[in-house]
């Protein structure tokens, strides 16, 4: 682990996290371990553990000493995905069958519950305050965000402020926790910890916006799940909100017609309408705004390779 000190390059962070999962991750339940390892093996960006370790380094700590904490951030994310796929009746995740397809809804729900409990058992045993409190509050935010999203299904009048609140809770909160917990364990000052928390929150909101943009622009192979899935599930995401704001009554009627009678032709018309009314451009503008907010949040952090890498990761959201 000495090769991963604060001054070291960060190309190996993802490899270290993957090695941790392959060599050290196991719960006391064989079925849960198998189901979660299968999801981990399907890939993922591993941004949450990466941001955790970079935050440790940005505060002068040794990332190599905090691989378990970084792994817990990814595992919280995986547990939420397992639950999401049950709620959404999803068939695919990360290019493979959703967990519920292979294990059934009951095992999937219990596996997600078990993983949450296993994570928090380990966190409370091995990490000092405020880390356990931050993670428990984060889990409450994630669940709250998911409920708010369910309540907003089909709501074509959803204000952008409520959309941002949902994005902050269901996505931004875990990125914020990843950064702030990393800062705490890296020995960061209160100012540095708050700066990294604010970075993570803004980064997470921009990340969710980018994910919503990809849903209406990328193909299934690129995103590992059916394209335009959010529209099919009547989720009111930012591209649709921006298009509705600019498109007038004709576009609203088009969306309502698709909701009433979904078809490939109707979906293609809605996707075309989102682009033509400026929904894609409006979403991209908001991604830029929150990405810039994330980079500004890093200003109190002393210049170092880890800080620059956090900035680089943020810039990738703009590509």
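The values are calculated or read from the model by the stated rules, or taken from the named source; none is laboratory data. Here the structure is a predicted model, which means the values were calculated and not measured. When we count neighbours, we look across all protein chains shown, and the Cβ atoms used for this are built from the backbone with ideal geometry, even at glycine.
Taking the condition of being within 27 Å of residue 145 (Cα to Cα) and surrounded by fewer than 22 Cβ atoms within 10 Å (Cβ to Cβ), how many residues in the range 242-263 meet it?
9
Restricting attention to the range 70-80, does a residue exist that is over 20 Å from the mean Cα position of the chain (by Cα), modelled with pLDDT under 95, crowded, with 23+ Cβ neighbours inside 10 Å and in a helix (DSSP H, G or I)?
The answer is no, given that none of the residues of the range 70-80 is over 20 Å from the mean Cα position of the chain (by Cα), modelled with pLDDT under 95, crowded, with 23+ Cβ neighbours inside 10 Å and in a helix (DSSP H, G or I).
Would you say residue 198 is in a helix (DSSP H, G or I) and either at pLDDT 95 or above or over 30 Å from residue 135 (Cα atoms) (or both)?
yes
For residue 47, which of the numbered conditions (1) more than 27 Å from residue 207 (Cα to Cα); (2) modelled with pLDDT of 85 or more fails to hold?
The single condition residue 47 does not satisfy is (1).
What pairs can you find where one residue is in the range 30-57 and without any contact (Cβ under 8 Å) to a residue 24 or more places away in the chain, the other is part of a loop (DSSP other than H, G, I, E, B), and their Cβ atoms are less than 6 Å apart, with a gap of 6+ or different chains?
33/26; 33/27
Would you check if there is a residue in the range 87-96 being in a helix (DSSP H, G or I), crowded, with 18+ Cβ neighbours inside 10 Å and touching a residue at least 12 places away in the same chain (Cβ under 8 Å)?
No, the range 87-96 has no match at all.
Testing residue 163 on (1) over 30 Å from residue 302 (Cβ atoms); (2) in contact with a helix residue (DSSP H, G or I) (Cβ under 8 Å, 6 or more places away or on another chain); (3) surrounded by fewer than 23 Cβ atoms within 10 Å (Cβ to Cβ), one condition comes back false. Which one is that?
(3) is the only condition that residue 163 fails.
Name every residue in the range 272-312 that is buried (at least 18 other Cβ atoms within 10 Å of the Cβ) and closer than 24 Å to residue 56 by Cβ, in order of residue number.
Answer for the range 272-312, where residues must be buried (at least 18 other Cβ atoms within 10 Å of the Cβ) and closer than 24 Å to residue 56 by Cβ: 290, 291, 294, 297, 298, 301, 306, 307, 309, 310.
Return the total of residues in the range 111-125 being within 14 Å of residue 34 (Cα to Cα) and without any contact (Cβ under 8 Å) to a residue 60 or more places away in the chain.
So the count comes out to 1.
Checking residue 49 against (1) over 17 Å from residue 119 (Cα atoms); (2) surrounded by 15 or more Cβ atoms within 10 Å (Cβ to Cβ), only one condition comes out false. Which one?
Result: residue 49 fails condition (1) only.
Would you be able to tell me the number of residues in the range 102-132 that are within 18 Å of residue 70 (Cα to Cα) and out of contact with any helix residue (DSSP H, G or I) (no Cβ under 6 Å at 6 or more places or on another chain)?
Result for the range 102-132: 11.
Among the candidates 135, 148, which residue alone is touching a helix residue (DSSP H, G or I) at 6+ places or on another chain (Cβ under 9 Å) and farther than 30 Å from residue 253 by Cβ?
135
Restricting to the range 159-190, count the residues that are closer than 20 Å to residue 140 by Cα and not in a helix (DSSP H, G or I).
So the count comes out to 0.
Tally time: how many residues in the range 50-63 are assigned to a helix (DSSP H, G or I) and more than 23 Å from the chain's Cα centre (by Cα)?
0
Considering only the range 3-22, how many residues are in a helix (DSSP H, G or I), at pLDDT below 80 and out of contact with any helix residue (DSSP H, G or I) (no Cβ under 7 Å at 6 or more places or on another chain)?
Final tally of qualifying residues: 2.
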